[in-house]
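Enquirer: Would you mind keeping the following structure in view while I ask a few things?
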Amino acid sequence: MKQLNDNDIAKMIGGEFSPDDNDTRKRVRSELHLSTRIVNDTQPVPNHATLDLHQYTEEEAWTAIMTLAQSGVRTANIITGASGILRQKFPQWATNSILAPYIVSFSPINNGSFSVKFARVK
């Protein structure tokens, strides 16, 4: 079996080197840890999420809700807080904005949060 040296590795990085047998290819992959360097970033989307909007500005809340709606989550509890502008704004956004097509239904859970069912993301 051929021993790899720094020159061989430099050629491999430049695309000039081609290992001459399967044992060498396996060893190179093992030494470079190629199987662990490529990370699969796709994570499954959960069916349910909770979004707590306490301490969010109106703009931050809008962005967070839109991101959640477009993520593929099917249901969510959105906590707006019992007082404040977000408690008033969320029902308006859910019915009269570009957020509306993403929402199948929503209903208050209590005085400060909503249960939301999202449409399937296409």
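Enquirer: Would you order 78, 109 from fewest to most other beta-carbon atoms within 10 Å of each residue's own beta-carbon?
Expert: So the ranking, lowest neighbour count to highest, is 109, 78.
Enquirer: Peptides 93-102, 65-74: what's the order by average Cβ count within 10 Å, highest mean first?
Expert: 65-74, 93-102
Read-outs: derived from the displayed coordinates by stated rules, not from any lab. Predicted model, so just to flag it, every value in this text is computed and none were measured. Neighbour counts are summed over all protein chains in view; Cβ atoms, including those assigned to glycine, are modelled from backbone coordinates with ideal geometry.
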